[in-house]
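Worksheet for the structure shown next.
The values are calculated or read from the model by the stated rules, or taken from the named source; none is laboratory data. None of the values given here were measured: they were computed from a predicted structure. With ideal geometry, Cβ positions are generated from the backbone for all residues, glycine too; neighbour counts draw on all protein chains shown.
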Amino acid sequence: MKTDILIPFILTLFAGLATGVGSAIAFFAHRTNKRFLSFSLGLSAGVMIYVSFVELFNQAQISLSAHFGLKAGMSITVLCFFAGMLLIGIIDRIVPSVENPHEARSVESMNILPPKNAKLMRMGLITALAIGIHNFPEGVATFVAALENSTLGIAIAVAIAIHNIPEGIAVSVPIYYATGDRKKAFFLSFLSGLAEPVGALLAYLVLMPFVSPVVMGYVFAFVAGIMVFISFDELLPAAREYGEHHISILGLVSGMAVMAVSLILLS
């Protein structure tokens, strides 16, 4: 496999396996650092939102306008952007709200409810499956961005990795309640993150034979829509659920600033 393909795969694998970090935190940390999680989730959202609007949407518009003309190119960019939002929105609707995988859960809750609560097993498995489904388009986003621009790929991979840490906690806690087995809870949490490299593999198999500036324009606009939806629907609400609204906004602004400076320095 060529180096220019290997690096996007490695970044996607890194982002996906961060669910295992969240699972480890759930088992070994003594308390939830809510301020840190709130800031980190806001930071992740800031990186995704800034990259989506400033880089991906803009590059998509330039590529598509060069091929279709200014007005048609802009229209197609907007349509693909909202199509990305629609896809991730439909995926989100698959998950019943009572079993939402993005619900904030704390490390302390590991010691509140007794293990071997069989009623929670279904919730844990559905949460793992739902997070796997959510992670699939995120894997596509990370891979495609890294393929085109390694700086963007690294930024998005780090942002998604941060976003996946609380998801690892969300999978581990109910499965541990249900089974009393830390190894099984960690394994299923770890497994749910593998959906991201699977998404990258599918993107490679489907997109690579057809890669062109026009195809990348479509994909960039689509990915931008996915990441903006994730930021507003998952990351920022989760940051607020940890009870630190102002810190999450500080993280949001910091993420945008770090991304802006990085793009300037590395351009």
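Which residue is surrounded by the fewest Cβ atoms within 10 Å (Cβ to Cβ), if the candidates are limited to segment 55-73 and must be modelled with pLDDT of 90 or more and under 14 Å from residue 224 (Cα atoms)? Please lay out each step first, then the result.
Residues of segment 55-73 that are modelled with pLDDT of 90 or more, as a first pass: 57-58, 60-73.
Restricting the remaining residues to those that are under 14 Å from residue 224 (Cα atoms) gives 57-58, 60-61.
Details: 57: 21, 58: 15, 60: 27, 61: 20.
Here the residue is 58.
Regarding residue 44, is this residue within 14 Å of the chain's Cα centre (by Cα), at pLDDT below 85 and not β-branched (Val, Ile, Thr)?
The answer is yes for residue 44.
Given the structure, is residue 180 of a type in the set (Gly, Ala, Ser), over 20 Å from the mean Cα position of the chain (by Cα) and either surrounded by fewer than 18 Cβ atoms within 10 Å (Cβ to Cβ) or at pLDDT 85 or above (or both)? Quick ask: steps written out before the conclusion?
Values: of a type in the set (Gly, Ala, Ser): yes; over 20 Å from the mean Cα position of the chain (by Cα): yes; either surrounded by fewer than 18 Cβ atoms within 10 Å (Cβ to Cβ) or at pLDDT 85 or above (or both): yes.
The answer is yes for residue 180.
Inspect all residues belonging to segment 77-98 and state whether any of them is buried (at least 16 other Cβ atoms within 10 Å of the Cβ), modelled with pLDDT under 85 and of a type outside the set (A, V, I, L, M).
yes
To keep it simple, each residue is scored yes or no on (1) surrounded by fewer than 24 Cβ atoms within 10 Å (Cβ to Cβ); (2) among the β-branched types (Val, Ile, Thr); (3) modelled with pLDDT of 80 or more.
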site	(1), (2), (3)
3	yes, yes, no
7	yes, yes, yes
21	yes, yes, yes
28	yes, no, no
35	yes, no, no
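It is to be established whether one or more residues within segment 242-259 are assigned to a helix (DSSP H, G or I) and either in contact with a strand residue (DSSP E or B) (Cβ under 6 Å, 6 or more places away or on another chain) or modelled with pLDDT under 80 (or both). Quick ask: steps written out before the conclusion?
Initially, segment 242-259 is screened for residues assigned to a helix (DSSP H, G or I), giving 245-259.
Now restrict to residues that are either in contact with a strand residue (DSSP E or B) (Cβ under 6 Å, 6 or more places away or on another chain) or modelled with pLDDT under 80 (or both): 245.
Within segment 242-259, one or more residues are assigned to a helix (DSSP H, G or I) and either in contact with a strand residue (DSSP E or B) (Cβ under 6 Å, 6 or more places away or on another chain) or modelled with pLDDT under 80 (or both).
Which number in (1) surrounded by fewer than 17 Cβ atoms within 10 Å (Cβ to Cβ); (2) more than 15 Å from residue 138 (Cα to Cα) marks the one condition that residue 256 misses?
Here residue 256 meets the rest and fails (1).
Out of all the residues in segment 227-247, is one or more of a type in the set (S, T, N, Q), more than 24 Å from residue 150 (Cβ to Cβ) and surrounded by 22 or more Cβ atoms within 10 Å (Cβ to Cβ)? It would help to see each step written out before you state the result.
Of all residues in segment 227-247, those of a type in the set (S, T, N, Q) come to 231.
Checking the rest, the ones that are also more than 24 Å from residue 150 (Cβ to Cβ) come to none.
For segment 227-247, residues of a type in the set (S, T, N, Q), more than 24 Å from residue 150 (Cβ to Cβ) and surrounded by 22 or more Cβ atoms within 10 Å (Cβ to Cβ): absent.
Mind checking which residues of segment 149-164 are modelled with pLDDT under 80 and in contact with a helix residue (DSSP H, G or I) (Cβ under 6 Å, 6 or more places away or on another chain)?
151, 152, 163
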